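**Q** The structure's right below; bear with me while I get my questions together.
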Amino acid sequence: MFDISFRDELDALRMKLAGCRLAAYADLSARMVLRVSAEAQPRREEIDVLCDLAAQCLDGPAFPALFDGEPPFTAVFAGKAESHFFIRSLSDPSDALILIVAEPVDQAKIWAAAQDLLDRYGPGGETP
Amino acid sequence: MKDTRRLAERIRKLAGSEASSPEGRELPPGPDGSPLAAILREVDETILPRSLVFRRGEGRLVVSAANRRLLMVDTAEGPDAAAATDIVGRPLTQPDVALLGRLRDALVSALPGNDPIRVRPAPASGAAGDFAAGTTAVALASAWGIDLATATGNDPADAVEDFLGTAPSLSRAWLRLDAGMVTETGGDQALTARLRDFADSADMAELDMLPDANRSRFIAIGRAPGDGDCLIFVSDKAEAALLLIPAESLDSARTSWRKAVG
């Protein structure tokens with residue numbers, strides 16, 4: 001489904017973000033992580049948990065009532081040592097990136113870099 | 001609800017004890033200096049398969065843990081670690097009384113002395129798909145007479161209380177929760193009503209019960225970055241809070257939270 005360039009893009013995103021130890025591309029509708037770039041390859045169970053968390057936070061049925069009918073596009077689990085970022089594609093709501101980044105983080109840089117990658121591989125963009 | 005509070009307490013402890021030292025996080029020993037409470041608390045807070053590397057002075061102990069269960073002692077090194085030899089590598093599923101005793105002695109002997117205990121978790125390398133493998137930390141604590149609920153050492157102060165000291169100024173609406181009940185509200189009434197509805201939702205219940213995937217209890221959920229409002233959920237041992245803040249204030253809120261948890 002993905003050619004080598006998307007793997008490279010995911011690796012490049014992780015390397016670009018200081019302290020990023022994991023970047024994963026997920027299909028929220030299928031609740032599946034399709035690609036992972038990580039310093040140390042995580043176990044499948046860990047990836048599955050991350051994907052479930054992403055889906056819970058970005059696709060929870062009660063959230064649109066808080067956001068004028070819109071689903072959430074971002075979720076952050078902030079810890080003292082590292083934080084988890086879940087970022088839904090603005091162009092294809094079923095696509096999301098999961099990033100685990102050591103604190104302190106440059107949140108704006110994370111949002112921008114993640115959305116840039118999602119946009120480029122979304123509808124009308126490159127084929128992932 | 002009891003389980004929810006217990007999970008919230010675990011998440012609070014995890015966030016409070018986390019540190020970025022290369023030597024690992026420092027753990028408080030038990031009142032008698034024993035490392036057992038520290039080891040079991042760490043196992044009890046481990047959901048995903050992990051190798052937990054404990055160090056104390058010259059002692060080094062590596063255990064495998066997952067699903068809040070101690071699966072195996074992988075390594076025990078140090079001047080007093082000889083007592084652990086027959087425990088290393090043994091599966092700890094349904095241990096008999098004799099094995100429980102030897103396991104206890106092994107853990108204590110591997111981390112002797114009065115130096116600080118440090119732990120560094122690492123992703124486990126072996127397979128751990130069996131959810132019944134090993135023994136729960138709670139069961140071990142019960143067998144060894146350790147009260148995990150009270151043996152918490154240097155618990156941080158009430159982070160939600162501290163956070164709410166500054167966060168309302170950032171928020172458009174907020175409410176404070178104690179055991180799932182709204183105890184205080186503030187800000188825009190219409191938005192507060194939305195938060196009340198959310199507090200009663202299944203999504204809220206799921207947030208309150210999320211595992212410690214990133215050892216955090218500060219969760220922010222929002223629209224596109226910088227767009228509209230952002231929901232923040234925070235919790236600690238005593239209580240929880242929901243806030244709606246402008247997305248551009250998220251960084252400030254995170255900073256306030258980091259200060260609140262020390």
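The values are calculated or read from the model by the stated rules, or taken from the named source; none is laboratory data. All values derive from a computational prediction rather than experimental measurement. For neighbour counting, all protein chains shown are included, and Cβ atoms are generated from backbone atoms with ideal geometry for every residue, glycine included.
**Q** In this structure, does A:Ser29 turn out to be among the polar types (S, T, N, Q), closer than 22 Å to B:Glu248 by Cβ and either out of contact with any Leu (no Cβ under 6 Å at 6 or more places or on another chain) or within 13 Å of chain B (Cβ to nearest Cβ) (or both)?
**A** no
**Q** Being in a helix (DSSP H, G or I) and either touching a helix residue (DSSP H, G or I) at 6+ places or on another chain (Cβ under 7 Å) or modelled with pLDDT of 85 or more (or both): is that true of B:Ala139 here?
**A** yes
**Q** If you don't mind, there's one more thing I want to ask. Select, from B:Asp155, B:Asp162, the only residue that is in contact with a helix residue (DSSP H, G or I) (Cβ under 9 Å, 6 or more places away or on another chain), at pLDDT below 85 and assigned to a helix (DSSP H, G or I).
**A** Step by step, each of B:Asp155, B:Asp162 is checked, and only B:Asp162 is in contact with a helix residue (DSSP H, G or I) (Cβ under 9 Å, 6 or more places away or on another chain), at pLDDT below 85 and assigned to a helix (DSSP H, G or I).
**Q** For the structure I just gave you, tell me whether B:Gly78 is more than 26 Å from the chain's Cα centre (by Cα) and buried (at least 18 other Cβ atoms within 10 Å of the Cβ).
**A** When the stated conditions are applied, B:Gly78 passes them.
**Q** Being within 20 Å of A:Ser37 (Cα to Cα) and either among the small types (Gly, Ala, Ser) or buried (at least 22 other Cβ atoms within 10 Å of the Cβ) (or both) narrows it down to one of A:Ala112, A:Ala65, so name that one.
**A** That would be A:Ala112, the only listed residue that is within 20 Å of A:Ser37 (Cα to Cα) and either among the small types (Gly, Ala, Ser) or buried (at least 22 other Cβ atoms within 10 Å of the Cβ) (or both).
**Q** Would you say B:Ala124 is in contact with a Phe, Trp or Tyr (Cβ under 9 Å, 6 or more places away or on another chain), under 30 Å from A:Ala38 (Cβ atoms) and surrounded by 17 or more Cβ atoms within 10 Å (Cβ to Cβ)?
**A** no
**Q** Does the range A:1-12 contain any residue that is within 12 Å of chain B (Cβ to nearest Cβ), basic (Lys, Arg) and farther than 23 Å from B:Gly226 by Cβ?
**A** No, the conditions are met nowhere in the range A:1-12.
**Q** Still on this model: Would you check which residues across the range B:211-228 are at the interface with another protein chain (Cβ under 7 Å from one of its Cβ atoms) and either part of a strand (DSSP E or B) or at pLDDT 65 or above (or both) and list them?
**A** Selection gives B:Phe218, B:Ile219, B:Ala220, B:Ile221, B:Gly222, B:Arg223, B:Ala224, B:Pro225, B:Gly228.
**Q** So A:Glu9 fits all but one of (1) under 26 Å from A:Asp106 (Cβ atoms); (2) surrounded by fewer than 14 Cβ atoms within 10 Å (Cβ to Cβ); (3) of a type in the set (Asp, Glu); what number is the exception?
**A** The single condition A:Glu9 does not satisfy is (2).
**Q** Could you tell me which residue of the range B:165-188 is nearest to B:Ser235 (Cα to Cα), considering only residues that are at pLDDT 85 or above and either part of a loop (DSSP other than H, G, I, E, B) or of a type in the set (S, T, N, Q) (or both)?
**A** B:Thr183
**Q** Considering the range A:69-85 alone, what residues qualify as being within 7 Å of chain B (Cβ to nearest Cβ) and either more than 16 Å from the chain's Cα centre (by Cα) or not in a loop (DSSP other than H, G, I, E, B) (or both)?
**A** A:Glu70, A:Thr74, A:Ala75, A:Val76, A:Phe77, A:Ala78, A:Gly79, A:Lys80, A:Ala81, A:Glu82, A:Ser83, A:His84, listed by residue number.
**Q** Would you check if there is a residue in the range A:41-63 being under 24 Å from A:Met15 (Cβ atoms), of a type in the set (Asp, Glu) and more than 7 Å from chain B (Cβ to nearest Cβ)?
**A** no
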